[in-house]
1. Does Ser179 satisfy the condition of being under 24 Å from Leu29 (Cα atoms), open to solvent by 10 Å² or more (accessible area, probe 1.4 Å) and not aromatic (Phe, Trp, Tyr)?
2. If I filter the stretch 86-97 for residues that are under 24 Å from the mean Cα position of the chain (by Cα), at pLDDT 95 or above, buried (at least 19 other Cβ atoms within 10 Å of the Cβ) and closer than 23 Å to Tyr242 by Cα, do I get at least one hit?
3. Among the residues of the stretch 24-60, write down those that are acidic (Asp, Glu) and either at positive phi or surrounded by fewer than 20 Cβ atoms within 10 Å (Cβ to Cβ) (or both).
4. Could you list all residues from the stretch 207-230 that are among the β-branched types (Val, Ile, Thr) and at pLDDT 90 or above?
5. Before we move on, is Phe274 over 25 Å from Ala138 (Cβ atoms) and either of a type in the set (S, T, N, Q) or in a loop (DSSP other than H, G, I, E, B) (or both)?
6. Among the candidates Arg256, Arg290, single out the residue that is more than 21 Å from Leu13 (Cα to Cα), charged (D, E, K, R), assigned to a helix (DSSP H, G or I) and out of contact with any Asp or Glu (no Cβ under 6 Å at 6 or more places or on another chain).
7. Hey, any hits in the stretch 371-389 for a residue that's modelled with pLDDT of 85 or more, farther than 26 Å from Asn215 by Cβ and exposed (fewer than 14 other Cβ atoms within 10 Å of the Cβ)?
8. Do we have any residue at all in the stretch 4-23 that's surrounded by 13 or more Cβ atoms within 10 Å (Cβ to Cβ) and in a loop (DSSP other than H, G, I, E, B)?
Amino acid sequence: MVILFWASVFFILYTYFGYPLLTVLLARLTPKTKPYPQTFPFVTFLIAAYNEEKVIAEKIENTLNLDYPPEKLQIIVAADGTTDQTPEIVKKYSHLGVELSYIPLRGGKMAAIVRAMSLARGEIVIFSDANNMYDAKAAKLLVAPFADRKVGATTGAKLIIEDGRNLSSAEGLYWKYESAIKKNETAFSTCTASVGEIMAVRKEYFSAPQANIINDDRYMIFDLIRRGYNIVYVADARSYEYVSQSAKDEITRRSRMNAGIYQTVAMSGKLLPFNRPLVLWQILSHKFFRAFIPYAMLAALISNVILVLAAGGDNAQASRLMPPPLDRVLLLLQGLFYGMALLGNIFKFNGVAGKILYLPTFLVNSNFATVAGLYGFLTNKRSHIWKRVQR
């Protein structure tokens, strides 16, 4: 039990803090690369949309106003199975060159993207969602690294619009944390993660995945890395969006994302870059290990309870590794952590105290969504079909 407890704690601390700190060290030890020259290749901007009638017009206007030569920008909205006015709204922009890829059958986001790719004329394809808005300079910043032929994809920063809710503050803090990891990974090797809301891919390197892929962005990134290409994180290429309306909606959204993690783990033999040991370590540490965090948390709690109940035994080695009253103190700290998470789910506290209290809530809810993701992956054959949540 002592070994199980400390192994679980080490795994959690390494995944959340150890690996990020190692990326900082490696990034500082690596010589800085020269800035990429600015070029303006022909770009296809592909917007995935499902029942987005409330925001699709704003998204199209946002895309039309990008600081990129309009004669070198093709805009395609990929939609399928919509039950609202999204296709009709998109058609109103056809005179401005906006194209619609639409069929009534609902096949999922990846199916819509693959279908729309047959219409793409750009050397570079930028993938985006309807609910996130870009900085004017985002497109040209995403495109610049493609001056290097080894670059297969780029990804930008996902920023959460803080609306006063503790959920938006916690989610915003999480994406800043992710941004730091991806920035450091890019500095010493290759970025190993992306977000589908702001990602660009060299079209000739694009390989269409099977239709039931849950996380299209993760699949494309891993596939490019496996084939020897690098992914560049462009921190100054920014997109903005609101977080889900409620913690329940956020758990639903993250459950689907986490189902995709388990799907990726199941496909490890086909996707992992075994010929690139450094990058393999990055992927395992950055993405795969997080899928097992909730089980390490559970193991740490259960083993700690057993050790407290079994206190006073004559195992000298166990006593040195977990001497009283350390076992009780650690159990108390765990109890406080989960207690704060419970309070954060039940009550709404304002101000700085509310934000601090909500951090345990956010972590526990995120890991609950990870477990729900495993259940969804094992039981839901259509988990690749995206379910819209309110934002």
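The values are calculated or read from the model by the stated rules, or taken from the named source; none is laboratory data. Computed from a predicted model, the values in this text were never measured in an experiment. Reconstructed Cβ throughout: ideal geometry from the backbone, glycine too, with neighbour counts over all protein chains shown. For accessibility, only protein heavy atoms count, side chains too; no ligands or nucleic acids. Shrake-Rupley method; radii C 1.70, N 1.55, O 1.52, S 1.80 Å.
1. Working: under 24 Å from Leu29 (Cα atoms): yes; open to solvent by 10 Å² or more (accessible area, probe 1.4 Å): yes; not aromatic (Phe, Trp, Tyr): yes.
For Ser179, the condition - under 24 Å from Leu29 (Cα atoms), open to solvent by 10 Å² or more (accessible area, probe 1.4 Å) and not aromatic (Phe, Trp, Tyr) - is met.
2. Here is the first cut: in the stretch 86-97, the ones under 24 Å from the mean Cα position of the chain (by Cα) are none.
So far as the stretch 86-97 goes, no, none of its residues is under 24 Å from the mean Cα position of the chain (by Cα), at pLDDT 95 or above, buried (at least 19 other Cβ atoms within 10 Å of the Cβ) and closer than 23 Å to Tyr242 by Cα.
3. Within the stretch 24-60, the subset acidic (Asp, Glu) is 52-53, 58.
Listed by number, the residues that qualify are Glu53, Glu58.
4. In the first step, residues of the stretch 207-230 are kept if they are among the β-branched types (Val, Ile, Thr); the result is 213-214, 221, 225.
Hits for the stretch 207-230 are Ile221, Ile225.
5. Values: over 25 Å from Ala138 (Cβ atoms): yes; either of a type in the set (S, T, N, Q) or in a loop (DSSP other than H, G, I, E, B) (or both): yes.
Here the answer is yes, as Phe274 does meet what is asked.
6. Numbers: Arg290 fails: more than 21 Å from Leu13 (Cα to Cα).
None of the other options fit; the residue is Arg256.
7. No, the stretch 371-389 has no match at all.
8. no
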